[in-house]
Structures are given as C-alpha cells and as structure tokens.
Amino acid sequence: MIEGELKVIDESRQGESITMESKGKSSSKKLFLESYGCSMNFADSEVVAAILIGQGFETTKDMNDADVIFVNTCAIRDNAEQKIRSRLFEFKKAKKNKPGMIIGILGCMAERLKSKLLEEEKLVDIVAGPDSYRDLPNLLVQVENGHRAVNVLLSREETYADISPVRLDKNGVTAFVSIMRGCDNMCSFCVVPFTRGRERSRDPESIINEAKQLFEDGYREVTLLGQNVDSYLWWGGGQKKELAVETVHAALNHLLKPEEQSKYTTFADLLELVAQVNPELRVRFSTSNPRDMTDAVLHSMTKYENICKYIHLPVQSGNSRVLAKMNRGYSREDYIKRIESIRVIMPECSISTDIITGFCSETEEEHQDTLSLMKWSKYFYAYMFSYSERPGTAAEKKFEDDISTEVKARRLQEIVDLQRLLSEEQTKLGLGKIHRVLIESISKKSTDMFCGRNTQNTVVVFPKGNHKRGDYVNVLATNCTSATLIGEVIS
Ligand code: SAH
Ligand code: F3S
C-alpha cells in the first residue's frame, strides 16, 4: 500500500516504526527498542523486551537516554532497508554523545546482511537474527568486554514458546500471539524464507495459555500470527519435520481416520481451541495462503461467533503465468475457487489482499488481469507494492527485473485507484446496519469519539458516551468515509 493512501490496518505492510516502552525492575539500564515491518516483528520485539526486562532493564522512549538501542528490522523491500539505514546513522550520532551506548540491529535485515553491518560501516555493535534473541544477554556482555557480537544462526525449533511477551505499545485490548515462525513456501520474490528460516509451529498449549492470560489481563482480541497459518501443524511428538510428507499432507487436509486425525492439531483445530478460551475473546489471524487454506478453517470460523469473519488472502497477481513465475502454487482459477468457497460457507466474510505489481516480465495484459481479479474479489482493503528485487531470492537469480520504475509506478497507481473505489463500495454496504464493535481506543480525529472494529475488520467510530475500552457495543452506522463507518451506539 502506498503510504498515506487508504487506511492503516496493519503497520506491517506500511514500514511504520513504533517505539516501545515498558517499566521493568528498578535499574539504571535503559533500553530503547524500535520496530519496523510485519506484525511478527512487533510480536518479536515483545519477546526481546521480556528477555531484557528479565535482565533488569527498563525501556525508554528517549533514544538519547538509552544504554542500549535495539532496532528490530525488516528486509522485505529495498525501501524498508534504506529507511532503517538512515535511522542507524541517527543512532550513531546519539552514541557520540553517550560513549558506552550499545547499538544492536535485530530481525530480518540483520539476518540478511549478517556481519557486513559490523565490518563495512561500523554502525552497530550487535547483529542478532530472529532466532537468536535468547542470546542477547550474552551478546551484550561480549560488547561490554570490548568485542562486537553477532548471532545470526537460524533454528529449526525456536518458537520462544515459554517466554511471556511484555506487551508494549499497548491499548490493553488487542494483542498479537505468534503461533509459528519461518516460512517454507519459497515464493520467488520473497526474502522471508532466508531471513526467518524454516517453518516451525508453536506448541498449542503455550498458545492457549497465552490467550487465557491475555483474557485475564483484560485483553479482548488476539490475532494469531504466522507467515502461512494454514500450514500450522502440531502433533504429540512435536514438529512436523519429523513426519513423512504424505502424513503431513493427510493431517493438514483432515484426510485421516478420526482417531488418527485427533493426534494432530491443525490450524482449524487451533482456531477452535483459542475461540473456546472465552466467547468474549475475539480471534483474528494472519496470514492465510491461497495454496494451503482448507475449507476446515472456514467451517471452524462459522462455528464460533467470536472468530472474526475476515480473511487476509494475499493474491499477489491476477495472472496465472505471473503466479507460476512467483512460485505461489495456485492459478487465477484456483484463487477464484477459494474465494467462491469462502462466499458459500461465510457470505458475510470480508477479504483483503496483498498485490505486487511490475514483477519480472509482467505484460500490460497481465496487469489488466490483476485489475479484473481485484474487481471480482471485491477486496475490502489491499496492501499494494511495486516489485522490489531482493538479493538471494530465486527471482533475483533467474529473472530480469525488467519493468521500468515508471511503468511500475503507473500500474501501482491504477491498482491503488481501483482499490479506493472497491474499499468505498464495501464500506458503504455497512451503512444502515448494526455492527458489534470492540472498543479499542479514542478516535484519532476527536477525543469525544471511540474507535473500534467490526467483525469484518472495518473501523467504526462513534461518540464515547459512558462506554470504556474493551467493551463490546452495538453501533448503527449512519455515515462513512472511504474506509471508516461512523455511527452511534444503540442499546
Ligand atoms: N506470508 C507473509 C507475507 C510477508 S511479506 C505474511 O504473513 O504476511 C508481505 C507482503 O509483502 C507480501 O504478501 C507481498 O505482497 C509483499 N512482498 C514480499 N516480497 C516483496 C518484494 N520483493 N517486492 C515487493 N513486495 C513484496
Ligand atoms: Fe514470503 Fe511467500 Fe512465505 S510471500 S513469507 S515466501 S508465503
């Protein structure tokens, strides 16, 4: 999505940054933690904060006041990395005024560039990849002893299942819960399999316990996070990598005999288990993959009122040749069938997407296919990007990045303009209807108004009255902007 266009639903796709603050045990050591990129990164920063607060740190919002600056980074597109690079120079300046300050780069850009960041530019003292956060206390000690410290080992097991994330930047109502890490899909354009490593699922018991704890702490919505939630699989013995490929396929698609199937927890099963924590706890999830999503997930969604009727289903392109070249594992027709089953099983479900324009060799006709599929799919929202070549990916090795910047920009603009119309149409459909809204925060536009979302993830704004954050209210929508419903609470 182009910055400033449409509504921000998920910072992940915006490249926004958030500085996080939380008080630890009383200590003189202060941590400044800044996060970029996807929701998973924001969830990871909460694990990092938990680890450092356990070491006696407290967080600060003032980087000049910090003893340690950690920046949790994103490598998904070149512009994300450029933004972070310029930020690192600002941190370096802060360090000049406070010798002894330690600067660490964490996350996907750290994993991608590894020790290059230490050697070439001497911008940082610590480089830590997404699977090495338990090692941060040791890395800090190494730096205190005069060394630079790197840990970019990727793990096949690490899920940080036993660490209770410290909720940062909190509204106290909605929280992210990581259910898996890494990705094995190898979409040809994508750097994630290289920066976040092999896919692994987290023990369901630890997920349920985290959801229960959040509910007890007053939270009323959890978003289950994974790069590809539909391939979540847990069994008594642990990770699916120890199982035969055929068994994984049968278990994921619910093809086993009931007594066999019951040994496995699929994403559809997990969704139900989390929904059962409490009917007042809303459950959302991201991201679904058109290749792997099963009808079982849709049926689980219909069984529970508290599982929100909203699916983020990235399409990337509307053309089958381009999709094959992207190694997405589905065609235009397959994608259409997936949406058709969503519409049959859950007619009220809203769908959003991700689109990449200007992928290698994409023709004008193929671009038109993307526009026509957008119209057919009637997306509520879309995050729209120009293709950015990433070093090390299959696309970088095999294909030429041959669509000019101007053509990419023009096609992207056409996609953005169309999506604005589609969003408006979908938002208008909510007018005159009553929406059950979970109150999340005070509206950005007016302190007299509250803001929350309906089940379909549309933002709803209404006068505060006597309500409070975390309450559910029924709002009659009487007005709207392109992506927000405005209304009043009815009893
Ligand atoms: N499965 C992931 C996708 C992560 S990347 C998830 O859970 O969200 C988010 C989006 O960034 C992708 O869906 C894709 O649309 C976009 N993207 C990924 N690599 C890209 C690249 N090289 N250039 C442009 N956009 C890219
Ligand atoms: Fe990237 Fe495709 Fe996985 S977009 S995160 S490789 S599903």
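Please treat every number below as a calculation from the coordinates, not as lab data. What you see is a predicted model; the values in this text were computed from it and never measured. FYI the Cβ positions are ideal-geometry reconstructions off the backbone, even for glycines, and counts take in every protein chain you see.
The ranking of CYS108, CYS190, CYS480 from fewest to most other beta carbons within 10 Å of each one's beta carbon is CYS480, CYS190, CYS108. Take every DSSP beta bridge whose two residues both sit in the chain; close to 40 percent of them are antiparallel.
Shape of region 434-490 from the C-alpha gyration tensor: rounded (a/c under 1.5, with a ≥ b ≥ c the square roots of its eigenvalues). Judged by a Cβ-Cβ distance under 4.7 Å, the unpaired cysteines of the chain are CYS38, CYS74, CYS108, CYS183, CYS308, CYS349, CYS360, CYS451, CYS480. Orientation-averaged projection of region 11-151 equals 7.4 nm² [convex hull of Cα atoms, one quarter of hull surface area]. For region 451-465, backbone phi angles converted through the Karplus equation (6.51, -1.76, 1.60; θ = phi - 60°) give residue-by-residue couplings of 9, x, 10, 8, 4, 7, 6, 7, 6, 10, 10, 7, x, 5, x Hz, Gly and Pro being listed as x.
Answer rounded, prolate or oblate for region 137-282, using the Cα gyration tensor with square roots of eigenvalues a ≥ b ≥ c: rounded when a/c is under 1.5, else prolate when a/b is larger than b/c, else oblate. Oblate shape, in that a/c is at least 1.5 and b/c is the bigger or equal ratio.
Can you show me the helix-derived [θ] at 222 nm for the chain, built from DSSP H runs with n ≥ 4 at -39,500 (n - 2.57) apiece and divided by the number of residues, rounded to the nearest 500.
-10000 deg cm²/dmol
The mean of 1/r over all pairs of different alpha-carbon atoms in region 171-236, once inverted, gives a Kirkwood hydrodynamic radius of 13.1 Å. For region 174-424, the equivalent ellipsoid built from the Cα gyration tensor has semi-axes of 32, 21, 17 Å, listed from largest to smallest.
Along region 438-445 the Karplus relation, 6.51 cos²θ - 1.76 cosθ + 1.60 evaluated at θ = phi - 60°, assigns HN-Hα couplings of 8, 6, 10, 6, 6, 4, 5, 7 Hz to successive residues, with x for each Gly and Pro. The label point for ILE434 and the one for GLU205, both projected 7 Å from the Cα toward the Cβ, are 4.3 nm apart.
For a 23 Å ceiling on Cα separation, which of these pairs sit above it: LYS309/LYS375; LYS29/LYS444; LYS95/LYS116; LYS92/LYS114? Cα-Cα > 23 Å for LYS29/LYS444; rest within. Dividing the mean sequence gap of close Cα pairs (under 8 Å, 6+ apart) by how many residues region 434-490 holds gives a relative contact order of 34 percent. Distance between the pseudo-spin-label points of ILE345 and SER372 (7 Å out from Cα toward the beta carbon): 2.8 nm. Cβ-to-Cβ counts within 10 Å put ILE126, ILE103, ILE163 in ascending order as ILE163, ILE103, ILE126, the fewest first. Distant-in-sequence amide contacts of GLY318, defined by a placed amide H-H separation under 5 Å and a gap of 5 or more residues or a different chain, comprise THR370. Return the percentage of antiparallel bridges among DSSP beta bridges fully within region 305-456, rounded to the nearest 5 %. Roughly 30 percent of the DSSP beta bridges within region 305-456 come out antiparallel. Quarter the surface of the alpha carbon convex hull of the chain and you get the mean projected area, 23.4 square nanometres.
Relative contact order (percent) for region 393-491, with alpha-carbon contacts under 8 angstrom and 6 or more residues of separation?
Dividing the mean separation by the residue count of region 393-491 yields 25 percent.
Counting every C-alpha pair in region 273-381, the share spaced more than 17 angstrom apart comes to 54%. Using the Karplus relation 6.51 cos²θ - 1.76 cosθ + 1.60 with θ = phi - 60°, the per-residue 3J(HN,Hα) values for region 230-242 come to 5, 9, 4, 7, 10, 9, x, x, x, 7, 6, 5, 8 Hz, with x marking Gly and Pro. The lysines whose alpha-carbon is closer than 20 Å to the alpha-carbon of LYS257, local same-chain residues fewer than 8 away aside, are LYS240.
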